[in-house]
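In what follows, a structure is listed as structure tokens, so that the remarks can point back to it.
The values are calculated or read from the model by the stated rules, or taken from the named source; none is laboratory data. Small disclaimer: the values here were computed from a predicted structure and weren't measured. Don't worry about glycine lacking a Cβ; one is built from the backbone with ideal geometry, like all the others, and counts go over all protein chains shown. The protein model used for the area step is the full one, side chains on, heavy atoms only, and it has no ligands, DNA or RNA in it. Shrake-Rupley method; radii C 1.70, N 1.55, O 1.52, S 1.80 Å.
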Amino acid sequence: MLGLQRETSSMYKRTSSRDYSPMIDVEDSSGLLENDVDNEMETTNPSWKCSLPHVLVATISSFLFGYHLGVVNEPLESISSDLGFSGDTLAEGLVVSVCLGGAFLGSLFSGGVADGFGRRRAFQICALPLILGAFVSGVSNSLAVMLLGRFLVGTGMGLGPPVAALYVTEVSPAFVRGTYGSFIQIATCLGLMAALFIGIPVHNITGWWRVCFWLSTIPAALLALGMFLCAESPQWLFKQGKIAEAEAEFERLLGGSHVKTAMAELYKLDLDKTDEPDVVSLSELLYGRHSRVVFIGSTLFALQQLSGINAVFYFSSTVFKSAGVPSDLGNIFVGVSNLLGSVIAMVLMDKVGRKLLLLWSFIGMAAAMALQVGATSSYLPHFSALCLSVGGTLVFVLTFALGAGPVPGLLLPEIFPSRIRAKAMAFCMSVHWVINFFVGLLFLRLLEKLGPRLLYSMFSTFCLMAVMFVKRNVIETKGKTLQEIEISLLAKP
């Protein structure tokens, strides 16, 4: 049987996955999908050590994402002074937010890049604008050049998260996929904290802000070079008809005894989808047979942003200053809360499951926002109000990192069928960036017009809406292979 399998692998090495389905029907009863004898060899989980190095290299992109989100926060005053736009709040806001425009553009193209070039090459393509943009930002001598550098960095930031979510999901064994998916959020937290600490000398060393940008080229180069040593996604190789390569990568990631079962599941899925076209259009994502899972994914990302997480990050410095806590120390408290929640999520993800973590997370966030609302009461003593405000901020960040932060990026690649996975992730991340942009744009104006009590009440309401949405629409994927999840979804009307 193994000899026959190698023969068929080499025969179909250069063919499309649509072309070998008749052959699999013939072999179905003779070996590839046989149950009892082969399944006895698969009773143990594959070693998590095989896939771990590949996942760690991929999460460098998430580290860079977090780093570039926070790299201008501390040095912004020095940047504006050196480049001649000190006191111009519009220019300062553009330096912070222009990368969001680049990120939106990058996320739009991420699906096509990941499907067209493969997951490994997509990471390398993502590293190019991150390196070039950081270099341009570091050597800039005018606002225009700085904005160009930030925009280039943004395109890399937009490409990275969807590809990282795809890759980690596709190369991880089912029993640790949740844990490995949490590495993305942890790496983002570490990137944010690294940007904070590296920016500390900026007020004492002239031109240090340039070093802050240049240092980020080191992990970006490591990402590009490290991907030469990493495995390609077996699912992507299978879609390209590169069967022998897919088997070889499964062996690297899971071990030789698990290759046959993994390949059999891919073959079964392929037989179930022979009537579907290869090209995935936007209309198919919105109105096709998989439109419901795309709706669930985009709504989860929208609710994640409408919960007020970025507003809390934007306003946290003011909250801590009003409590007499220096902004640097306050940022460290927020970073530690974020990291602690992410580590707890990593431990629990494959134990309690994705859905339960999402529910706990949004319930905790709603309660934390209620604390913020309570802090605005005129009946509370000033000190008690400050304690509620600071405590509410930290609890909100902690509970966000428990579920609402890491779970959507892990869950969506799990529930999206392999044929639409990259394009669907690109669409959902585009929704994420659009909502992110408008929350950042309108938050201060809404705070001024509505006041903190009403605004935080709205955020709390969105969190409760998310609880109801998750309870009704999200399925549990803990411990299931991607093929098992897809088969179960295909079976539903």
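Can you find a residue in segment 85-96 that is aromatic (Phe, Trp, Tyr) and either assigned to a helix (DSSP H, G or I) or in contact with a Pro (Cβ under 6 Å, 6 or more places away or on another chain) (or both)?
There is no residue in segment 85-96 that is aromatic (Phe, Trp, Tyr) and either assigned to a helix (DSSP H, G or I) or in contact with a Pro (Cβ under 6 Å, 6 or more places away or on another chain) (or both).
Scan segment 54-101 for residues that are open to solvent by 10 Å² or more (accessible area, probe 1.4 Å) and at pLDDT 95 or above and jot them down.
54, 56, 57, 59, 60, 63
If I ask for residues that are open to solvent by 20 Å² or more (accessible area, probe 1.4 Å) and part of a helix (DSSP H, G or I), which ones from segment 466-493 would you list? Break it down stepwise before answering.
Our first condition is that a residue be open to solvent by 20 Å² or more (accessible area, probe 1.4 Å); within segment 466-493, this holds for 467-469, 471-473, 475-476, 478-481, 484, 487-493.
Of everything in segment 466-493, those that are open to solvent by 20 Å² or more (accessible area, probe 1.4 Å) and part of a helix (DSSP H, G or I) turn out to be 467, 468, 469, 471, 472, 473, 484, 487, 488, 489, 490.
Is segment 431-449 home to any residue that is touching a residue at least 60 places away in the same chain (Cβ under 8 Å), within 21 Å of residue 294 (Cα to Cα) and touching a Lys or Arg at 6+ places or on another chain (Cβ under 7 Å)?
no
Residues in segment 127-153 that are of a type in the set (Gly, Ala, Ser) and touching a residue at least 60 places away in the same chain (Cβ under 8 Å): how many? Steps first, answer last, please.
Quick first cut of segment 127-153, residues of a type in the set (Gly, Ala, Ser) only: 127, 133-134, 137-138, 140, 142, 144, 149.
Subsequent filtering for residues that are touching a residue at least 60 places away in the same chain (Cβ under 8 Å) retains 127, 134, 137-138, 149.
Final tally of qualifying residues: 5.
Is it the case that segment 291-300 has a residue that's among the hydroxyl-bearing types (Ser, Thr, Tyr) and without any contact (Cβ under 8 Å) to a residue 60 or more places away in the chain?
In the first step, residues of segment 291-300 are kept if they are among the hydroxyl-bearing types (Ser, Thr, Tyr); the result is 291, 298-299.
Filter once more, keeping what is without any contact (Cβ under 8 Å) to a residue 60 or more places away in the chain: 291.
Yes: segment 291-300 contains one or more residues that are among the hydroxyl-bearing types (Ser, Thr, Tyr) and without any contact (Cβ under 8 Å) to a residue 60 or more places away in the chain.
Return the residues of segment 349-408 that are of a type in the set (Val, Ile, Thr) and either farther than 24 Å from residue 429 by Cα or touching a Pro at 6+ places or on another chain (Cβ under 6 Å) (or both); say none if nothing qualifies.
We begin by selecting, within segment 349-408, every residue of a type in the set (Val, Ile, Thr); these are 352, 363, 373, 376, 390, 393, 395, 397, 399, 407.
Within segment 349-408, 352, 373, 376, 390, 393, 395 meet the criteria.
Table: residues versus (1) free of Cβ contacts under 8 Å to residues at least 12 places away in the same chain; (2) within 26 Å of residue 475 (Cα to Cα).
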position: 326; (1), (2): yes, no
position: 331; (1), (2): no, no
position: 371; (1), (2): no, no
position: 388; (1), (2): no, no
position: 400; (1), (2): no, yes
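Please state which one of 241, 199 is among the small types (Gly, Ala, Ser), over 27 Å from the mean Cα position of the chain (by Cα) and open to solvent by less than 60 Å² (accessible area, probe 1.4 Å).
None of the other options fit; the residue is 241.
Looking only at segment 373-399, count every residue that is surrounded by 14 or more Cβ atoms within 10 Å (Cβ to Cβ) and either part of a helix (DSSP H, G or I) or charged (D, E, K, R) (or both) and tell me the total.
Residues in segment 373-399 being surrounded by 14 or more Cβ atoms within 10 Å (Cβ to Cβ) and either part of a helix (DSSP H, G or I) or charged (D, E, K, R) (or both): 18 in total.
Quick one: how many residues across segment 407-465 are open to solvent by 50 Å² or more (accessible area, probe 1.4 Å), of a type in the set (Phe, Trp, Tyr) and under 15 Å from the mean Cα position of the chain (by Cα)? Talk me through it step by step, then tell me what you get.
Within segment 407-465, the subset open to solvent by 50 Å² or more (accessible area, probe 1.4 Å) is 423, 427, 434, 437-438, 441-442, 444-446, 448-450, 452-454, 458, 461-462, 464-465.
Subsequent filtering for residues that are of a type in the set (Phe, Trp, Tyr) retains 427, 437-438, 462.
Next, from what is left, pick out any that are under 15 Å from the mean Cα position of the chain (by Cα): 427.
Adding up the residues that qualify gives 1.
Residues in segment 456-482 that are charged (D, E, K, R) and touching a Gly at 6+ places or on another chain (Cβ under 7 Å): how many?
Number satisfying all stated conditions: 2.
Only one of these is farther than 30 Å from residue 284 by Cα and either at pLDDT below 80 or in a loop (DSSP other than H, G, I, E, B) (or both): 441, 455, 450. Name it.
441
Of the numbered conditions (1) more than 30 Å from residue 417 (Cβ to Cβ); (2) of a type in the set (A, V, I, L, M); (3) touching a helix residue (DSSP H, G or I) at 6+ places or on another chain (Cβ under 9 Å), residue 474 fails exactly one; give the number of that condition.
(1)
Can you name the residue in segment 202-219 that is of a type in the set (Val, Ile, Thr) and open to solvent by less than 50 Å² (accessible area, probe 1.4 Å) and, of all such residues, is modelled with the lowest pLDDT?
Applying the first criterion (of a type in the set (Val, Ile, Thr)) to segment 202-219 yields 202, 205-206, 211, 217-218.
So of that shortlist, the ones also open to solvent by less than 50 Å² (accessible area, probe 1.4 Å) come out as 202, 211, 217.
Values: 202: 86, 211: 95, 217: 96.
Step by step, filter segment 202-219, then rank; the result is 202.
Looking only at helices (runs of 4 or more DSSP H) that lie completely in segment 185-245, which have at least 1 residues being over 27 Å from residue 409 (Cα atoms)?
Filter on segment 185-245 gives 208-215.
For segment 102-118, how many residues are without any contact (Cβ under 8 Å) to a residue 24 or more places away in the chain and either open to solvent by less than 30 Å² (accessible area, probe 1.4 Å) or not aromatic (Phe, Trp, Tyr) (or both)?
1
Out of 229, 222, 303, 282, I need the residue that is within 30 Å of residue 465 (Cα to Cα), surrounded by fewer than 18 Cβ atoms within 10 Å (Cβ to Cβ) and among the aliphatic types (A, V, I, L, M). Which one?
Result: 282 is the single residue among 229, 222, 303, 282 that is within 30 Å of residue 465 (Cα to Cα), surrounded by fewer than 18 Cβ atoms within 10 Å (Cβ to Cβ) and among the aliphatic types (A, V, I, L, M).
Of the residues 368, 375, which is over 23 Å from residue 300 (Cβ atoms) and in contact with a helix residue (DSSP H, G or I) (Cβ under 7 Å, 6 or more places away or on another chain)?
375
Sort through 233, 257 and tell me the only one that's in contact (Cβ under 8 Å) with a residue 24 or more places away in the chain, in contact with a Gly (Cβ under 9 Å, 6 or more places away or on another chain) and more than 30 Å from residue 149 (Cβ to Cβ).
Going through 233, 257 in turn, the sole match is 233.
For segment 159-178, which positions are in contact with a Phe, Trp or Tyr (Cβ under 6 Å, 6 or more places away or on another chain), of a type in the set (Gly, Ala, Ser) and in a helix (DSSP H, G or I)?
160
Which residue pairs have Cβ atoms closer than 8 Å, lie 6 or more positions apart in sequence or on different chains, and pair a first residue in segment 471-484 that is touching a residue at least 24 places away in the same chain (Cβ under 8 Å) and acidic (Asp, Glu) with a second residue that is outside any helix (DSSP H, G or I) and open to solvent by less than 40 Å² (accessible area, probe 1.4 Å)?
476/353
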